[in-house]
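Asker: I am attaching a structure below and will ask some questions about it afterwards.
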Amino acid sequence: MPMISVLVSLFLSLRSCLRSRAALQLEVLALRHQLQVLNRSRPRRLRLVTADRWLWAWLSRSWTAWRTALVIVQPETVIAWHRQGFRVFWTWKSRRRVGRRAIAADVRALIRTMSEANPLWGAPGFTANC
């Protein structure tokens with residue numbers, strides 16, 4: 001068995017020579033992040049914070065081979081975090097805004113001036129509700 005692991009490591013090293021520098025840097029970033037999370041969580045249960053989830057959601061969108069470097073959680077978990085982020089964003093984006101929008105003071109003054117200058121609007125009993 002040790003011989004097989006050596007051959008696999010050698011094959012992976014040769015494969016890494018053929019990949020782009022950006023892909024290698026992203027893999028290094030991903031692996032270092034996982035080590036940091038493991039060191040931070042030791043010996044307790046693995047604890048991921050929101051920033052960790054955001055990093056993996058971003059890596060899943062910007063790096064095609066992100067699944068190969070993922071060790072601490074399953075790839076489906078990262079995809080679920082990404083979907084949850086979109087749900088939270090669109091919930092915030094489509095929130096119900098209550099009430100009427102405020103009209104600026106200069107616009108109100110202009111409406112009043114126009115209503116006073118217009119003889120049809122100046123009729124008795126007519127008031128501009130601004």
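Asker: Just to verify a result, which residue in the stretch 36-50, among those that are part of a helix (DSSP H, G or I) and at pLDDT below 80, is surrounded by the fewest Cβ atoms within 10 Å (Cβ to Cβ)?
Answerer: Here the residue is Asn39.
Asker: Then there is this: Which numbered condition trips up Gln74, out of (1) loosely packed, with under 13 Cβ neighbours inside 10 Å; (2) at pLDDT below 80?
Answerer: (2)
Asker: What are the residues in the stretch 51-71 that are in a helix (DSSP H, G or I) and open to solvent by 100 Å² or more (accessible area, probe 1.4 Å), if any?
Answerer: Trp54, Trp58, Arg61, Arg67
Asker: Starting from residues that are within 19 Å of the chain's Cα centre (by Cα) and of a type in the set (A, V, I, L, M), keep the ones in the stretch 20-35 and report whichever is least open to solvent (accessible area, probe 1.4 Å).
Answerer: Per the stated criteria, the residue is Ala30.
The values are calculated or read from the model by the stated rules, or taken from the named source; none is laboratory data. For clarity, every value in this text was computed on a predicted model and none was experimentally measured. Cβ atoms come from the backbone with ideal geometry, glycine included; neighbour counts cover every protein chain shown. Just the protein is used for accessible areas: all its heavy atoms, side chains included, with ligands, DNA and RNA removed. Shrake-Rupley method; radii C 1.70, N 1.55, O 1.52, S 1.80 Å.
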